[in-house]
Amino acid sequence: MSLPVDTGYAATAEDRASLDAWFAAYDAHSAACRIEEMADMAAFPLNLVSDDSQGNGRSAQWDRRQFVDTMKHVMGDAGEDVSFRSTRTPVFLSAAMAVVFTDCTMTVAGEARRMHYADVLIRKDGTWAFQTMIQGGWGDSL
């Protein structure tokens, strides 16, 4: 019997700091509804995994235009008061791949909404980009 290649990876402090900085920038763009800047932080085609109102799992791939158009529709105008409070648990698969689980409270115009989601991020040339978004409830839009 041969053992598989050792794929265990212990993230460094720099790995975590760079991922935290990436999410801080992304959250700032999201809070200000800067959709184009959010799109700049993705690796397209973007994979999406969700479920629909019938309880079925769904998946799709979006190009940049689909992401921008959908986020403009979902997020609306930048005039609303939007804030995020998130707790993130990253699992680094390597120095260039991470799955990040997020528990988030998004507050829009004083109304709080809790969300749970996961993202798969890849790092290329030292820069993180999200490549897969996983969150329930988006399936009817895919």
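Of the residues 58, 88, 113, only one is touching a helix residue (DSSP H, G or I) at 6+ places or on another chain (Cβ under 8 Å), in a strand (DSSP E or B) and farther than 30 Å from residue 10 by Cα; which?
Values: 88 fails: farther than 30 Å from residue 10 by Cα; 113 fails: touching a helix residue (DSSP H, G or I) at 6+ places or on another chain (Cβ under 8 Å).
Matching residue, one of 58, 88, 113: 58.
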| query | Is there a residue being out of contact with any Leu (no Cβ under 9 Å at 6 or more places or on another chain), of a type in the set (Val, Ile, Thr), outside any loop (DSSP other than H, G, I, E, B) and at pLDDT below 95 anywhere in region 119-126? | reply | no
| Whichever residue in region 28-55 is assigned to a helix (DSSP H, G or I) and within 19 Å of residue 122 (Cβ to Cβ) and, among such residues, is modelled with the lowest pLDDT | 29
| note | Result of the Cβ filter at 8 Å on region 100-112, keeping first residues that are on the phi > 0 side of the Ramachandran plot and partners that are of a type in the set (Asp, Glu), at least 6 apart or interchain, is 109/80; 109/81; 110/81
| message | Whether any residue in region 44-57 is closer than 19 Å to residue 132 by Cα, in contact with a Leu (Cβ under 7 Å, 6 or more places away or on another chain) and either surrounded by 14 or more Cβ atoms within 10 Å (Cβ to Cβ) or among the hydrophobic types (A, V, I, L, M, F, W, C) (or both) is what I want to check. | response | yes
| message | I'm trying to understand the selection: among the residues of region 61-82, which are part of a strand (DSSP E or B) and either free of Cβ contacts under 8 Å to residues at least 12 places away in the same chain or surrounded by 13 or more Cβ atoms within 10 Å (Cβ to Cβ) (or both)? | response | 62, 82
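The values are calculated or read from the model by the stated rules, or taken from the named source; none is laboratory data. As the structure is a computational prediction, the values presented were derived from the model and not from experiment. Counting neighbours? That spans all protein chains shown, and the Cβs are built from the backbone with ideal geometry, glycine included.
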